[in-house]
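Heads up, the thing below is written out as structure tokens.
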Amino acid sequence: MPDPSPSPTRLSGTVVHGAGRGRGLGFPTANISPDPGADVPPPAIYSGWLARPATGAVHRATISIGTNPTFEDGPRIHTEVYCHDTSDDLYGEHVALWFVARIRDTIRFASVDELLLAVKADVRRSEALLDSAHGCRVRAAVLS
Ligand SMILES: Cc1cc2nc3c(=O)[nH]c(=O)nc-3n(C[C@H](O)[C@H](O)[C@H](O)COP(=O)(O)O)c2cc1C
């Protein structure tokens, strides 16, 4: 999804309970159950905005769509969001993810430490992408 598109990719869903591992790892994630019939982007790590209609807030986010191969979670595709700027509990909220850019493929890491290093780098990259002209255009679309 590298090219700035006039209508950004958007995915809506409800925040549900995940394996509960993220908080212990230092990056709590909101696990999204996509709305029925939703078009889920292909597995990868993405930068994007998380919009909360319930509060009107729009949060900076890094998104993982994949099977969590490092933890051998099985074949189910998880949609997980790390919000950079809030630790609010989002359980039960209906939210929308607005994708800004694809960052990398999902990797099966040999250790949790390697995953943590990659997540830190992803968040740094995501911050820059959110602040880019394209990131700001997508945010304007969220607010319109
Ligand atoms: C920015 C980011 C990048 C991630 N990258 C990977 C990855 O490359 N490989 C992987 O197995 N899991 C990856 N994950 C998913 C984590 O394994 C998952 O969020 C963690 O195990 C917590 O899962 P839980 O919320 O269901 O407890 C990533 C998660 C985030 C937020």
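A few notes on this one:
- Condition met for residue 93 (under 13 Å from the mean Cα position of the chain (by Cα), acidic (Asp, Glu) and at negative phi): no
- If only residues of the range 72-87 that are open to solvent by 60 Å² or more (accessible area, probe 1.4 Å) and farther than 18 Å from residue 33 by Cα are counted, the one that is nearest to the ligand (Cβ to nearest atom) is 72.
- For residue 65, the conditions (1) in contact (Cβ under 8 Å) with a residue 24 or more places away in the chain; (2) closer than 25 Å to residue 127 by Cβ; (3) near the ligand (Cβ under 8 Å from one of its atoms) all hold with the exception of (3).
- Test set (1) more than 8 Å from the ligand (Cβ to nearest atom); (2) loosely packed, with under 13 Cβ neighbours inside 10 Å - residue 59 fails condition number: (2)
- Being away from the ligand (no atom under 11 Å from the Cβ) and open to solvent by less than 60 Å² (accessible area, probe 1.4 Å) is not true of residue 143.
- Members of the range 30-52 that are open to solvent by 30 Å² or more (accessible area, probe 1.4 Å) and either modelled with pLDDT under 90 or within 11 Å of the ligand (Cβ to nearest atom) (or both): 43
- Scoring residue 6 on the criteria (1) over 22 Å from residue 112 (Cα atoms); (2) at pLDDT 95 or above leaves a single failure, condition (2).
- Some residue of the range 14-29 being within 11 Å of the chain's Cα centre (by Cα) and either touching a residue at least 24 places away in the same chain (Cβ under 8 Å) or under 22 Å from residue 135 (Cβ atoms) (or both): yes
- Residues that are under 26 Å from residue 36 (Cα atoms) and either modelled with pLDDT of 95 or more or more than 9 Å from the ligand (Cβ to nearest atom) (or both) are absent from the range 112-134.
- Flag for residue 107 being open to solvent by 40 Å² or more (accessible area, probe 1.4 Å) and near the ligand (Cβ under 10 Å from one of its atoms): yes
- Qualifying residue in the range 92-102 (condition: in a loop (DSSP other than H, G, I, E, B) and among the β-branched types (Val, Ile, Thr)): no
- All of (1) open to solvent by less than 20 Å² (accessible area, probe 1.4 Å); (2) in contact with a helix residue (DSSP H, G or I) (Cβ under 9 Å, 6 or more places away or on another chain); (3) under 13 Å from residue 11 (Cβ atoms); (4) not polar (S, T, N, Q) hold for residue 135 with one exception: (3).
- Flag if residue 100 is within 13 Å of the chain's Cα centre (by Cα) and β-branched (Val, Ile, Thr): yes
The values are calculated or read from the model by the stated rules, or taken from the named source; none is laboratory data. Here the structure is a predicted model, which means the values were calculated and not measured. Using ideal geometry, Cβ is built from the backbone for each residue, glycine included, and neighbour counts are taken over all protein chains shown. Ligands, DNA and RNA are stripped out before the accessible areas are found, and what is left, the full protein with its side chains, is counted by its heavy atoms. Shrake-Rupley method; radii C 1.70, N 1.55, O 1.52, S 1.80 Å.
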